[in-house]
Amino acid sequence: MNWTPNRRQVLQAGAATLAAGSFAKVAFAQSIPTTPEEGAIKMAIEPWLGYGQWHIAAKKGLFKNSGLADVEVVNFNTDADLNAALAAGQVQCGNIATHTAMAFAAAGLPIKIIALLDVSMTADAMITDGSVTSIADLKGKQVAFEEGTTSHILLNYALGQNGMTLNDVEKVPMPASDAGSALIAGKVPVAVTYEPYLTLAMQQNNKVKMLYSAGENPGLISDVFVVREDFLAEKPGQVLALLKAWDAALADYNADTTGGRTIISEAVGAKPEELATAFDGVKYFSVADNKTQLTGDFVKKVVPEVKKAATEAGLLSKDVDLAKLIDTRFVEAL
């Protein structure tokens, strides 16, 4: 993830400028309509636990409670399909990995990061059939993972921490949803994927063990809510309402975690009991959390780490202006 060092010195003249800028920013935030505009919204999503609060919002009518009459949560099975739909304008907003948002920005695609949704700890990981017991043992081994995704970054990072590169393993590209199944079927000895596929694979074969997880570098794997710039300009009230719905869903989840996990599990195609411990590997972020994260740790620590990891993995070839990529107005307006 990418960070911007805090190097600002406030002098008397600078303080006056800062105060004026802050006032303008607040005024802009207050100009966002509190009543959503009319019209349907299509939001892109994948079967990942980190996006689960949207399923709660849909199930419990929290979109409507926020003033949104027509929100369609569109499911995609791969990052590539979701990214293509967002780039083509087939959906107005989406939930994507932080490194993907950077890649979009580097390519000149018109999106903004509006909020940090989640950080993965043990919910993104590398699993093995038991024949591989260390990262060093991966040399020359087949590894199943989805190229261009968080799995790609995690694998490359793990190898790099142990003096290796992707050239030291035999890459077996496939969707994250299939990687765990390939391991269980004996097609590969190692797979990199995310929940719910991790837990399901380990439950199907007790020899399957976790070898390395995103928790080795907290924040390396994170997800953000992005919105196309044309939609931001046309329907800012709807964007604000979407954030309200996420926040309401997270509050509901915290108040009734068992019920919330049931809704999310069913939405990603699993039984609640199958994912009893999987949720512990994900940290969700509220709007209040975002007010500090979007100007604090996320920007100063996580984003630079993600940017570095994505660049080293060959997924980011151009620099990104983070100041232009992140739009804090909607979080501030709430």
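Treating each Cα of the stretch 197-319 as an identical point scatterer and ignoring solvent, apply the Debye formula and state log10 I(q)/I(0) at q = 0.10, 0.11, 0.17, 0.22 Å⁻¹.
-0.46, -0.56, -1.20, -1.32
Could you tell me what fraction of 2.2 N^0.38 Å the Cα radius of gyration of the chain comes to, as a two-decimal ratio? It would help to have the intermediate numbers written out before the result.
Numbers: Rg = 20.2 Å, N = 334, 2.2 N^0.38 = 20.0 Å.
With N residues counted in the chain, Rg over 2.2 N^0.38 Å equals 1.01.
Please list, or write none, the lysines whose alpha carbon is within less than 21 Å of the alpha carbon of K139, excluding same-chain residues fewer than 8 places away.
K171, K187, K207, K209
Along the three principal axes, how long is the stretch 23-124 when you take its alpha carbons, biggest first, rounded to the nearest angstrom?
37, 34, 30
Give, in nm to one decimal, the length gained when the segment between A251 and A40 is fully stretched (0.36 nm per residue of separation minus the Cα-Cα distance).
Values: separation 211, 0.36 × 211 = 75.96 nm, distance 2.48 nm.
That works out to 73.5 nm of additional length.
Among DSSP beta bridges lying fully in the chain, give the percent that are antiparallel, nearest 5. Intermediate values should be presented prior to the final figure.
On the way: 25 of 39 bridges.
Within the chain, antiparallel bridges account for around 65 percent of the total.
Which FRET efficiency value, to the nearest 0.05, is calculated for Q161 and A87 with the Förster distance at 22 angstrom and r the Cβ-Cβ distance? Present the calculation step by step, with values, prior to reporting the outcome.
On the way: r = 32 Å, r/R0 = 1.46.
Efficiency computed from Cβ-Cβ geometry: 0.10.
If packing is taken as the mean number of other Cβ atoms within 10 Å per residue, what is the order of 48-59, 162-173, highest first?
Working: 48-59: 24.2, 162-173: 13.9.
Ranking, from highest mean packing down: 48-59, 162-173.
Hey, got the dipole for the stretch 229-299? About the Cα centre, +1 on K and R Cβ, -1 on D and E Cβ, debye to the nearest 20? Can you show the working numbers first?
On the way: 6 positive and 12 negative charges, 22 e Å.
It works out to roughly 100 debye.
In nm², what is the average projected area of the convex hull enclosing the Cα atoms of the stretch 242-292?
3.9
So what is the diffusion coefficient of the stretch 140-266 in µm² per second by Stokes-Einstein at 25 °C and 0.890 mPa s, using a Kirkwood Rh over Cα pairs? Numbers along the way, then the final one.
Details: Rh = 17.2 Å.
Reported coefficient: 142 µm²/s.
At a Förster radius of 35 Å, what calculated FRET efficiency corresponds to the Cβ-Cβ distance of D319 and D230, to the nearest 0.05?
Numbers: r = 24 Å, r/R0 = 0.69.
Taking R0 as 35 Å, the efficiency between D319 and D230 is 0.90.
Sorted by mean Cβ packing within 10 Å, highest first, what order do the peptides 317-326, 238-247 take? Intermediate results must be reported in sequence, preceding the final value.
Numbers: 317-326: 13.7, 238-247: 24.9.
Final packing ranking: 238-247, 317-326.
Please compute the length gained on full extension between K308 and V74, using 0.36 nm multiplied by the number of residues separating them and subtracting their Cα-Cα distance.
Computed gain between K308 and V74 is 81.2 nm.
For K300, go through the lysines and keep the ones whose alpha-carbon is under 27 Å away, minus same-chain ones fewer than eight residues off.
Answer for K300, where 27 Å is the Cα cut-off: K25, K112, K244, K283, K291, K308, K318, K324, listed by chain and number.
Taken together, the values in this text are just the output of simple stated rules run on the coordinates, not laboratory data. None of these values were measured; they are calculated from a predicted model. Every residue, glycine as well, gets a Cβ built from its backbone with ideal geometry; the counts of neighbours run over all protein chains shown.
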